[in-house]
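The values are calculated or read from the model by the stated rules, or taken from the named source; none is laboratory data. Nothing here was measured: the structure is a model prediction, and the numbers come from that model. Neighbour counts run over all protein chains shown; Cβ positions are idealised from the backbone, glycine included. Surface accessibility is based on the protein's heavy atoms, side chains included, excluding ligands, DNA and RNA. Shrake-Rupley method; radii C 1.70, N 1.55, O 1.52, S 1.80 Å.
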Amino acid sequence: MPTYEKMTASLRWRAVCLKKEIIIVHNTSTSASVHRSRPAVPHPWPAIAALMIGAFVGMLSETSLNIALPNLMESFQIPAATVQWLVTGYMLVIGIVLPFSSLISKWFTTRQTVIFGLVAFLAGSVVSAMAPTFPVLLTGRLIQGIGTGLILPLMFTVAMLIFPPARLGTVMGMCALVIMFAPAIGPTLTGIILGKLTWHWIFWFFTPFLVVALIFAVGFLKNVGTITHQRPDLASILESIVGFGGLVAGVSLASRYGWLSPVTLIILVVALAALVLYIRRQLGLEHPVLNLRIFSITAFRYGATLVMLDFAVILSSMYLLPQFLQRGLLLPVAMTGILMLPGGAINALVSAFAGRLYDGFGARMPVRCGFLVALLGTVILLFTGPHTPVALVVAAHIILMIGCPLAMSPAQTYALNSLSGPQSGDGSTIINTMQQIVGAVATAVTTSLLAMGEGQAAGVDKAQAFTRGTHYGLAFTLVLILAALAVSLKVRNFSHAEQPETERDIQQAPSSHR
């Protein structure tokens, strides 16, 4: 399950910033200026449509493939340890590209970046759809990740630049709807496609949307950024790729070769060394790629940690559940897609209002309640087996999908509200980036435990063996939830004060921006 919960929480943070911006503009210029956007974009809705469609397809792609993994394993005769690279590799590329989105905007125009991102995703989809072998399919999938990594952050940036502040609430609401709608319907659409057609059509399904997005981008999108040709820090780029890529690769290879194998250990040691150098370099640079200094802020540190743990819970459980329905309960793929829909829809609905709980109750209560609910859903899944009623599995999925978004939005709002000024953008970039990396690592670890559980289930049929492997993976999910509950004990009600931000606080914004 992807990252649309983080977008919902980010929208609330941007709304607070927007209120402050409106008051600043009102106090320093005429009120009419509030209703004018900064760049002159005569048709802002068709312009932002290109990014919305691209983001929709990116989020759809991130969630829809989980349900197709058993089919792909059978088609290419590959183990779970190999096929999971279609999930982890995609998120890894997004996580590598995201931190450099700001730097890319300093070297290339908005049109160039968006059109390149859409073309990259389109090319990756075509390559994947026509792939005769798994390496070719994986290559196309990685190219798709480049497109998503470029499009996602630009959607919000461009929206805030081309629309006047008075209309940003509506625009951000539409962006949130796009982000939430795609993951909710992704598994169901994939199940329907696989029920009638082959897996190739999952990727062909993306292409018409991307062509339409390209038409909007070429016809209506304007350049809204400023080209400064900021010098890239090549050492940071290299350390980031080796560190994050090696970490995911090492954990992924552990499911095939074992955690103590020389290959796994060497890759992990090199990756960890690169990450240490990367962190030290970011702390020493005047303009770092990721401003890791903000982790010294207590509320951000705890809030961001909770967001990472929550996202790892979502990714690990949603990686296992569609496969368990097919290989543990022996249900057809089309039925699996339909059974995944209630949980996905509940996830989207809870995400839509969970952020508001922060205003009335602070972060402590929603976060703790959310993880307790998620704990209940995970425990129920741990007691399932090949003969468990399908209704109980669906109910456990729904319970899990109530708890995770219930904790996600308040935790992220708690983290971002502890920041001010340029730190806010740094915090959002760090959270968005680390979620993709943590999600990829969590999926890889879950795959390793799944294979371990299957391997230890000797003398039983395949359904029982896969069920045991699923329980091993869900035990990891349970540990993540317990860790999150422990961290939640450190969370205060509000990150700035013991009450939410009031109009009096907002009216003081001009003095803080001078």
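Entry note: segment 297-491 has Rg to Rh equal to 1.01, where both radii use alpha-carbon atoms and Rh is the Kirkwood radius.
Phi-derived couplings, Karplus 6.51 cos²θ - 1.76 cosθ + 1.60 at θ = phi - 60°, listed residue by residue for segment 102-115: 5, 5, 4, 5, 7, 10, 10, 6, 4, 4, 4, 5, 5, 5 Hz, with x used for Gly and Pro.
Taking the 1.4 Å solvent-accessible surface of segment 258-375 as the whole, the part contributed by carbon and sulfur is 74%. Look at where the Cα atoms of segment 186-230 and of segment 246-298 average out, and the two centres are 32 Å apart. In a reduced charge model with +1 at each Lys and Arg Cβ and -1 at each Asp and Glu Cβ, segment 297-491 shows a dipole moment near 200 debye about its Cα centre. Converting the Cα gyration tensor eigenvalues of segment 233-288 into ellipsoid dimensions via √(5λ) gives semi-axes, longest first, of 26, 9, 7 Å.
Add +1 for every Lys or Arg and -1 for every Asp or Glu among the other residues with Cβ under 12 Å from the Cβ of Thr88, and state the total. Every neighbour counted, the sum reads 0.
Note on Met335 and Ala273: their simple-model spin labels are 5.3 nm apart, each label 7 Å out from Cα toward Cβ.
Evaluated at q = 0.12, 0.14, 0.17 Å⁻¹, a Debye calculation over the C-alpha positions of segment 365-439 (equal weights, vacuum) places log10 I(q)/I(0) at -0.47, -0.59, -0.74. Three principal axis extents of segment 234-334 based on alpha-carbon atoms, in descending order, are 56, 37, 22 Å. For segment 308-397, the Cα-based Rg and Dmax, in that order, read 14.6, 45 Å.
Entry comment: accessible area of segment 233-288 is 55 Å² per residue, from protein heavy atoms only and a probe of 1.4 Å. Annotation note: trypsin sites (Lys or Arg not before Pro) in segment 333-409 located in DSSP loop regions with a Cβ neighbour count of at most 16 within 10 Å are Arg356. Size check on segment 41-226: the Cα extents along the three principal axes, sorted descending, read 53, 31, 24 Å. Maximal additional length on extending the Leu382-Gln464 stretch stands at 28.2 nm, based on 0.36 nm per residue less the C-alpha distance.
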